[in-house]
Amino acid sequence: MKKVSFDKKILYIGDKKVVFEDEIYQVRIDDDKIYVLLDIKPKEKLTYDDCYNVFCYSGDGQKIWQIGVRPKGSPTVYTMINFDDKYLYANDFMGRRYYVDKNTGEIQGMMIAK
C-alpha cells in the first residue's frame with residue numbers, strides 16, 4: 001500500500017490528495033482499505049454528511065463507501081472507529097456501538113455501552 005498520512009482536512013494516499021469539508025480525526029488502515037473518521041464540530045444544524053462521518057477509501061485513493069444509515073435511533077455524529085478481523089466498529093455520540101461491514105459500510109448490528 002502507498003504511504004498514508006493526513007493533515008487537517010487532507011488525506012494523502014501516495015501522491016493523491018482527498019480533501020474533506022471537515023478535519024480528519026482518525027485514520028485506520030486494514031489490508032488495502034483506509035477508514036477515515038471526520039471530526040464534526042458542534043453546529044446548530046447537522047447535515048447528512050455530519051451524521052455519517054465515516055468513510056472508506058482504497059489504497060489508490062478511490063472512495064469505496066460512506067457509512068450506511070442506522071437501522072434505529074436518531075442519527076448523530078460518530079466519535080470513534082476501530083476494527084477487528086470481521087467488522088469495523090463505529091461509536092457515536094450517544095454511546096452506541098455499530099458493527100459495520102468493512103466491505104460495504106452497511107450497519108450489521110448495534111450495542112449500547114453501559
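What follows draws every value from the coordinates through simple rules; no lab data is involved. Keep in mind it's a predicted model, so treat the numbers as computed, not measured. Note that each Cβ is placed from the backbone with ideal geometry, even for glycine, and that neighbours are counted across all protein chains shown.
Side notes on the structure shown:
- Qualifying residues in the range 1-17 (those that are over 14 Å from the mean Cα position of the chain (by Cα), part of a strand (DSSP E or B) and not aromatic (Phe, Trp, Tyr)) - the one farthest from Ile81 (Cα to Cα): Lys16
- Close pairs from the range 10-21: first within 13 Å of Val36 (Cβ to Cβ), partner assigned to a loop (DSSP other than H, G, I, E, B) and among the basic types (Lys, Arg), Cβ under 7 Å, at least 6 apart: Ile13/Lys2; Val19/Lys9; Phe20/Lys9
- Considered as a group, the residues in the range 48-67 that are surrounded by fewer than 17 Cβ atoms within 10 Å (Cβ to Cβ) and not aromatic (Phe, Trp, Tyr) include one that is nearest to the chain's Cα centre (by Cα), and that residue is Gln66.
- Verdict on Lys8 being at negative phi and surrounded by fewer than 16 Cβ atoms within 10 Å (Cβ to Cβ): no
- Residue, farthest from Lys3 (Cα to Cα), within the range 60-96, restricted to residues that are without any contact (Cβ under 8 Å) to a residue 40 or more places away in the chain, small (Gly, Ala, Ser) and touching a strand residue (DSSP E or B) at 6+ places or on another chain (Cβ under 8 Å): Gly73
- Count - residues of the range 83-114 that are loosely packed, with under 14 Cβ neighbours inside 10 Å and either part of a strand (DSSP E or B) or of a type in the set (Lys, Arg) (or both): 5
- The residues of the range 97-114 that are touching a residue at least 24 places away in the same chain (Cβ under 8 Å) and of a type in the set (Ser, Thr, Tyr), listed by number, are Tyr98, Thr104.
- Summed over the range 18-47, the residues that are part of a strand (DSSP E or B), among the charged types (D, E, K, R) and loosely packed, with under 13 Cβ neighbours inside 10 Å give a count of 0.
- Only one of the numbered conditions (1) over 18 Å from Lys86 (Cα atoms); (2) touching a Leu at 6+ places or on another chain (Cβ under 7 Å) is violated by Gly61, and that is (2).
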